[in-house]
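Everything on this sheet refers to the single structure shown next.
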Amino acid sequence: MSIYWSNVVKNINPYIPGEQPKDRKYIKLNTNENPYPPSERVIQAMKDAANSDIRLYPDPECYELREVIASYFNLNIENVYAGNGSDELLAFSFLAFFNPDRPILFPDVTYTFYPVYADLFNIKYETVRLDEEFSIPVELFFRENGGIIFPNPNAPTGKDISIESIKKILDYNKNVVVIIDEAYVDFGAESTVELIKNYPNLLIIRTFSKSHSLAGLRIGFALGNEELIQGLSRIKNSINSYTIDRIAMAGAMEAIKDYEYFKSTSRKIINTRERIIVKLKELGFNVVDSKANFVFISHPVIPAVDIFNKLKERGILVRYFNKPRIDNYLRVTIGTDEQMDCFLEEVKNITVI
Ligand code: PMP
């Protein structure tokens with residue numbers, strides 16, 4: 001605690017990102033990065049951008065990038081916004097659409113950044129209890145609230161929610177903004193993009209960090225009704241005009257255009273995931289149904305924290321959350337087949353006595 005801190009700083013509980021260790025080389029299955037690099041075309045586009053007008057500020061409204069994204073999703077540029085990672089857009093959205101006086105709703109087991117933003121911006125929240133299979137009980141969103149947010153598929157469980165269920169939530173909550181965080185949607189869940197035309201209260205947040213292999217570039221985007229996009233723009237232009245640099249913009253544009261590449265790496269990850277799920281079940285693990293690039297697992301006998309520590313000693317990093325309801329689970333990012341075979345081998349050594 002410092003005498004120089006504002007009351008805001010004194011009272012917040014910052015998000016703790018997954019480890020990015022430097023002490024040794026790990027098989028890194030802890031932060032849901034893509035194990036495959038971005039395509040050659042993406043790398044070349046970034047090199048070209050670095051060699052051109054880098055002394056000039058980038059376009060603050062990211063028109064070219066937004067146009068490429070809009071055309072990919074069959075939307076207008078007015079329905080698209082871009083940000084420095086989806087985390088930035090999530091933060092802007094909390095400020096733009098949620099008020100301090102009415103509690104917003106999100107699942108009790110979900111992305112742990114949501115309560116951090118809510119606290120930072122002084123927004124009240126209530127959590128909706130997922131059922132025992134970690135599914136979202138839709139009817140628990142049928143009550144007075146100041147807005148709703150959840151990922152589809154959810155994190156850290158990987159479980160998806162159907163479009164029909166999301167429609168019910170949108171229908172019941174027409175007067176507030178419902179944010180669907182589609183960070184992992186390319187790995188098998190159904191996107192709600194088609195609903196934007198009919199639901200002015202729907203905001204979708206996406207990222208280039210996962211299926212597009214660009215976590216290091218920091219780009220995310222939002223899709224929604226024009227009024228919502230304008231709301232985001234008003235917040236962004238009250239904080240930082242230039243959130244996305246020229247190199248990142250060039251890389252992201254090419255990543256969208258080279259969709260065959262990202263579709264093929266996403267397909268590889270899905271295939272590896274399905275293979276790993278079978279193997280983990282054979283080893284006795286309980287594996288939550290996953291539509292993401294990670295699996296959420298627990299062992300009937302050996303505590304998750306012990307498996308976590310033993311894997312780390314053996315050079316494999318996974319994610320452990322010491323939180324209610326999920327403190328006996330591990331979240332394991334899907335890596336290459338080779339990485340996952342090493343992971344399985346070590347898991348077998350740890351759990352088969
Ligand atoms: N939403 C969810 C559900 C996530 O797990 C993550 C990754 N930590 C993000 C958003 C943020 O992704 P990024 O800021 O890299 O776009």
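The values are calculated or read from the model by the stated rules, or taken from the named source; none is laboratory data. Remember, predicted model here, so these are calculated numbers, not experimental data. In this analysis, Cβ positions are derived from the backbone assuming ideal geometry, glycine residues included, and neighbour counts consider all displayed protein chains.
Brief remarks on what is shown
- Check on LYS168, in contact (Cβ under 8 Å) with a residue 24 or more places away in the chain and away from the ligand (no atom under 16 Å from the Cβ): yes
- Considered as a group, the residues in the stretch 110-136 that are under 23 Å from LYS167 (Cβ atoms), within 19 Å of the chain's Cα centre (by Cα) and assigned to a loop (DSSP other than H, G, I, E, B) include one that is farthest from the ligand (Cβ to nearest atom), and that residue is SER135.
- LYS268 being surrounded by fewer than 21 Cβ atoms within 10 Å (Cβ to Cβ) and at pLDDT below 95: no
- The single condition among (1) of a type in the set (Gly, Ala, Ser); (2) more than 11 Å from the ligand (Cβ to nearest atom); (3) in contact (Cβ under 8 Å) with a residue 40 or more places away in the chain that ALA183 does not meet is (2).
- The helices (runs of 4 or more DSSP H) located wholly in the stretch 33-109 that include 2 or more residues which are touching a strand residue (DSSP E or B) at 6+ places or on another chain (Cβ under 8 Å) and within 14 Å of the ligand (Cβ to nearest atom) occupy 85-97.
- Meets criteria (free of Cβ contacts under 8 Å to residues at least 12 places away in the same chain and away from the ligand (no atom under 15 Å from the Cβ)) for GLU139: yes
- Unmet criterion (only one of (1) farther than 20 Å from LYS159 by Cβ; (2) within 23 Å of the chain's Cα centre (by Cα)) for LYS312: (2)
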